[in-house]
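The next block holds one structure in the form of structure tokens; read it before the comments.
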Amino acid sequence: MAKMMGPRFKQSRRLGLNVCGHPKAMKRATKGTARSDKKLTEYGKQLLEKQRLRAYYGVLEKQFLSIFMEAKKSKEQTGAAFVQLLERRLDNLVYRMGFASSIRQARQMVTHGHIYVNGKKVNIPSYRCDAGDVIALSPRGRKAELFKENYETNYVTSYPYISKEEDFKATLVTLPNREDVPIEIEDQLVVEYYSKI
């Protein structure tokens with residue numbers, strides 16, 4: 001795990017955002033992180049913010065752009081709609097609900113068939129959840145001590161759109177509002193970046 005986290009720690013410090021969800025990722029970050037670098041041009045700031053958001057959710061560029069284009073057609077503000085669509089990805093919600101200690105681990109859990117949505121196995125990390133969807137550990141997943149420990153120790157209290165239950169399952173109660181999503185990103189800079197391409 002340490003070898004894998006090394007590059008992610010570096011990426012977190014370079015982008016000035018904890019994109020791997022590990023508590024020690026930003027330990028050696030200084031005030032001169034990318035986030036506060038005043039030498040960046042306007043385009044540089046937009047590009048950085050796009051890179052930060054994409055790294056946080058761990059989405060490939062082609063898929064990221066596709067989600068952005070969908071958000072652009074939304075009746076809501078593009079930036080807020082974009083973040084909401086990313087937040088509703090199954091791998092992200094598995095992480096938010098505490099089944100996994102990182103989005104990367106959550107993605108592996110989904111791919112390996114450890115996650116059920118509304119009683120059915122879903123092994124597609126990009127699967128988009130709706131309000132009312134119940135996400136649970138599979139019977140096989142409940143036998144894994146790591147997943148059980150994750151869920152029991154990562155108790156969610158700060159996400160009003162998620163409700164956790166004791167039986168290794170949680171519900172996406174409502175669609176997440178932008179202000180409830182705990183990620184420090186200037187959405188408008190990402191929108192401005194994509195408006196240029």
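For region 89-175, the Kirkwood hydrodynamic radius comes to 12.3 Å, computed from all pairs of different C-alpha atoms.
For region 176-190, backbone phi angles converted through the Karplus equation (6.51, -1.76, 1.60; θ = phi - 60°) give residue-by-residue couplings of x, 7, 4, 5, 8, 7, x, 9, 8, 10, 8, 3, 4, 5, 5 Hz, Gly and Pro being listed as x. Around the amide H of VAL181, modelled in the peptide plane, lies no amide H under 5 Å away from a residue 5 or more places distant or on another chain.
What the phi angles of region 112-117 give under the Karplus curve with 6.51, -1.76 and 1.60, with θ = phi - 60°, is a coupling list of 8, x, 8, 10, 10, 10 Hz, glycine and proline written as x.
Looking at region 34-123, which trypsin sites (Lys or Arg not before Pro) are in a loop (DSSP not H, G, I, E or B) and have at most 12 other Cβ atoms within 10 Å? Sparse-neighbourhood loop trypsin sites (Lys or Arg not before Pro): LYS38, LYS39, LYS73, LYS75.
FYI, it's all coordinate maths here, none of it is from the lab. Every value quoted in this text rests on a predicted model; they were computed, and no experiment measured them. With ideal geometry, Cβ positions are generated from the backbone for all residues, glycine too; neighbour counts draw on all protein chains shown.
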